[in-house]
Amino acid sequence: MKVDNLSFRKLAKLNKWGKSEKNVNLKKLTTFKIGGCGKYFLQVNTIENLLDVVGYLEKNNFEYYIIGAGSNILASSKGYDGVLIKLCGDFSQIETFEDTLECGSGVSLGEVISKCRELGLSGMEGAIGIPATIGGAVTMNAGAYDFEMAKIVESVIFLENGKIRFLFKDECLFSYRSSIFQNMKCVILKVRLKLNKSNKETVCEKIKDYAQIRRESQPLNMPSAGSIFKRREDIIVSKCLDECGVKGLSVGDAVVSTKHANFIVNNGDATSEDVIKLINKVKKKFKESYNKELSCEIKLLGEFDETIG
C-alpha cells in the first residue's frame, strides 16, 4: 500500500529525533548512481523512533525499505513510492569487548575494519572495500575472497512484528549470499561480531593486500552495484563470463566492465531499464555458451517495465 502525504506527516512526528524528507534522489543513495525519485525518506536515529515508525508502517500495510549503504541495489528510474529508511545515530555506534565488537546495523563495514585495524583484531580483512552496512551485510551474508559475514557473526538483535528478538549465529541459517533475514519482514538492530586477537601490523598488512587485489581486479572507479550474478558450484561464473565475450557489452550507458565480467558499471547516465536489458543480454549469451542459467545477486527497488528473464 502506498503512503500519502498525510500519513508521512504522521511518520515525521513519530520520527521526532530524526530527519524527514520528501522527493530524494535515488542516484545519491545508491552505489549504482541510478534511480528516480524516492518519494519519502526518513533518517531514524533511535530504536524508540524505529519502533514507532515501523509499527505505524506495518499497522497500515505501508511499503518501506531499509536503504543501508545503497549497494547491491538497482533502483527503478521511475522512482520508489514507499518510505526509505536510513538508520543513523544510535545505529552507527560500535562497542568494544576485548575480541568482540557490538555494532549498530547502520555502521559501515569500512568503519568496522578501521576499528579492527585500531585494536589489532583479525577476521574482517577480506571485507575491505565492500560498500555495505553491517545490517545489509548480515542479511546478504556479504563476502569476498576468503571472507563472509557468517564466519564472524556471533549473534543478531532485530525487530520483527513489533518485538525485539535475538538469534545466535547457528540460528541465522547463513548460506552463500543468504540468511534467514532475507525471508523475514524484519529490521536488524545490532550485530555482535567475534574476531581474533592479532597485532596491528599484521592486520594492517592483510587489509592492504586485500585492498590491492580489489583495486587490480574490480572497476572501483565506476558506479556499480558489485557482482551482478551469483556464484555457481559447478563453474567459475566470472571466468566463464570472460570467456564467452561479454566484457564491453552495453545497453545505453550500462556497460559490462572490461576489468571484471561480473560487474555492470554506470558509464554516465544509465537507467534501470538499460541495466535490466543488459543483464538479460548477458544471461542469454551465457545460456547459449554453456547451457546454464545465471541468478542475480542484486535486489530491485521500485516498479519496472522490464523484468529479469
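The values are calculated or read from the model by the stated rules, or taken from the named source; none is laboratory data. Values in this document were obtained by computation on a predicted structure and should not be read as measured data. Glycine also receives a Cβ, built like all others from the backbone with ideal geometry; neighbour counts cover every protein chain displayed. We work out accessible area using only protein heavy atoms, side chains counted, and drop any ligands, DNA or RNA first. Shrake-Rupley method; radii C 1.70, N 1.55, O 1.52, S 1.80 Å.
Some points to look at:
- Taking first residues from the stretch 278-294 that are under 15 Å from I228 (Cβ atoms) and partners that are surrounded by fewer than 14 Cβ atoms within 10 Å (Cβ to Cβ), the Cβ contacts under 6 Å between residues at least 6 apart in sequence or on separate chains come to N280/G309.
- Scanning the stretch 192-220 for residues that are in contact with a strand residue (DSSP E or B) (Cβ under 6 Å, 6 or more places away or on another chain) and not small (G, A, S), we see that the one that is farthest from V138 (Cα to Cα) is P219.
- Residue that is acidic (D, E) and assigned to a strand (DSSP E or B), where the choices are E58, E21: E21
- Selection from the stretch 261-274 of residues that are surrounded by fewer than 23 Cβ atoms within 10 Å (Cβ to Cβ) and part of a loop (DSSP other than H, G, I, E, B): N267, G268, D269, T271
- Residue that is charged (D, E, K, R) and modelled with pLDDT of 95 or more, where the choices are D274, D234: D274
- In the stretch 84-110, the residue that is nearest to V187 (Cα to Cα) out of those that are open to solvent by 30 Å² or more (accessible area, probe 1.4 Å) and within 15 Å of the chain's Cα centre (by Cα) is K86.
- Failed item in (1) closer than 29 Å to K78 by Cβ; (2) not in a strand (DSSP E or B), with D234 passing the rest: (1)
- Within the stretch 137-177, tally of residues that are polar (S, T, N, Q), surrounded by 16 or more Cβ atoms within 10 Å (Cβ to Cβ) and at negative phi: 2
- Of all residues in the stretch 275-309, those being closer than 25 Å to Q182 by Cα, open to solvent by less than 50 Å² (accessible area, probe 1.4 Å) and not in a loop (DSSP other than H, G, I, E, B) number 7.
- Of all residue pairs spaced 6 or more apart or on separate chains, those with beta-carbon atoms under 8 Å, a first member in the stretch 8-28 that is among the β-branched types (V, I, T) and a second member that is open to solvent by less than 20 Å² (accessible area, probe 1.4 Å) and not in a helix (DSSP H, G or I) are V24/G38; V24/F41; V24/L84.
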